[in-house]
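One structure is given below, encoded as structure tokens.
The values are calculated or read from the model by the stated rules, or taken from the named source; none is laboratory data. Since the structure is predicted, the reported quantities are computational estimates derived from the model, not experimental observations. Positions of Cβ are generated from backbone atoms using ideal geometry, with glycine treated the same way; all protein chains shown enter the neighbour counts.
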Amino acid sequence: MPFLIKRWLYVLATGFILVFFSELLFWGTDSLLGLVETWLFYSLAAYIALAIVAHFRVNTVWSLFLVGAFYGWLVEGVIVQTTYENLPLSLSDTALSWHALITILVGWYAMRRALLEPRPYRALAWGAGIGIFWGLWMPFWGFLDEPELRTFTLEGMALLAGLSVPVLALAYWLQNRWTPASFSPHRVEVSLVGSLFVLQFVVVVVPLYPFALLILPPLLLLVYLALRRHRQTAPPAADYIVGLSGRTPALNYLGVLLIMPAALGALALVQAVGLTPAPQYAIYVVTVSAGALLFLVSLLYHLNISGRVRRIDQEQADSPQTSGQ
């Protein structure tokens, strides 16, 4: 039981990190109750992502991006249905362009890795970069018709960042504190959580978008096959759950808190100089393109790695016969 509790505490801390980068950094929130509900849904998606990391011994950036793709399509293709609303662009936007690229690679991986450094410089650099990106991106919503997605005022941004960023720093601290020695979920847990997503897909998504059956399962199967090959050829190192754990100097958490002033400074500059809408659309184009490209590269990388390993194994198997002739 203690292992079960610690595992789920770790999942909940991870879930808040994911919901910060996937939702608050993306467009904010409209209510505290809605944020708590979203956090719980994202924690279930985080559980699946962490189980995949552990099962397939994910310990490279390329394999981690595939996990991000799985997580992104789980969120956008099951919890919500944006994957099917603007095809084919919506295959990358936002599952790959935001969830995989920004939430998983930047929020879950790069920032955590920076926090483990003995000195705070890398964490400060990542915190400043994330904050500047946040402040530059937020005015994008001012060009949309939905009134609840209007661009933030400095006061509103200060409130959002001031309340969420300290919780984000706490989530990183708790995540590191509760990192299990081995993330080994019980089959019953995996079955229950997985069944919830399957039920949501069958009962909610398919009736609305019947063609989703031709989109989401093949995409997830493709990711599964690539990750299975990674597991067969993975370097002999711990997965990123275990590998990204350890003592974090207290000063490094200042890097997370730096997100607040960096975001406010960037937003103030955007409003003062009128840096809209070109920078925001540039971010959109770059992230959507980069997400799709990185997914393709990740797939090709694992195919090539698998091919090389098979050739090496074949050469090693043939070498005794060759030397004996």
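The figures follow:
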{"item": "Residue within region 172-186 that is surrounded by 13 or more Cβ atoms within 10 Å (Cβ to Cβ), over 21 Å from the mean Cα position of the chain (by Cα) and not polar (S, T, N, Q) present", "result": "no"}
{"item": "Considering residues of region 212-246 that are over 20 Å from the mean Cα position of the chain (by Cα) and without any contact (Cβ under 8 Å) to a residue 60 or more places away in the chain only, the residue surrounded by the most Cβ atoms within 10 Å (Cβ to Cβ)", "result": "Leu213"}
{"item": "Flag if Leu199 is assigned to a helix (DSSP H, G or I), over 21 Å from the mean Cα position of the chain (by Cα) and on the phi < 0 side of the Ramachandran plot", "result": "yes"}
{"item": "Test: Leu258 is within 27 Å of Ala123 (Cβ to Cβ), touching a Gly at 6+ places or on another chain (Cβ under 9 Å) and either surrounded by fewer than 16 Cβ atoms within 10 Å (Cβ to Cβ) or at pLDDT below 85 (or both)", "result": "no"}
{"item": "The one condition in (1) farther than 30 Å from Ile215 by Cβ; (2) without any contact (Cβ under 8 Å) to a residue 40 or more places away in the chain; (3) within 14 Å of the chain's Cα centre (by Cα) that Glu76 fails to fulfil", "result": "(1)"}
{"item": "Positions within region 263-279 being surrounded by fewer than 21 Cβ atoms within 10 Å (Cβ to Cβ) and under 26 Å from Gln175 (Cβ atoms), in sequence order", "result": "Leu264"}
{"item": "Meets criteria (within 29 Å of Tyr10 (Cα to Cα), in contact (Cβ under 8 Å) with a residue 40 or more places away in the chain, small (Gly, Ala, Ser) and not in a helix (DSSP H, G or I)) for Ala263", "result": "no"}
{"item": "Failed criterion for Asp93 (all others in (1) within 29 Å of Met157 (Cα to Cα); (2) charged (D, E, K, R); (3) assigned to a helix (DSSP H, G or I) hold)", "result": "(3)"}
{"item": "Yes/no for Gly255 being closer than 29 Å to Ile130 by Cα and part of a helix (DSSP H, G or I)", "result": "yes"}
{"item": "Helices (runs of 4 or more DSSP H) completely within region 1-74 that count 3 or more residues being among the aliphatic types (A, V, I, L, M) and touching a Gly at 6+ places or on another chain (Cβ under 9 Å)", "result": "32-55"}
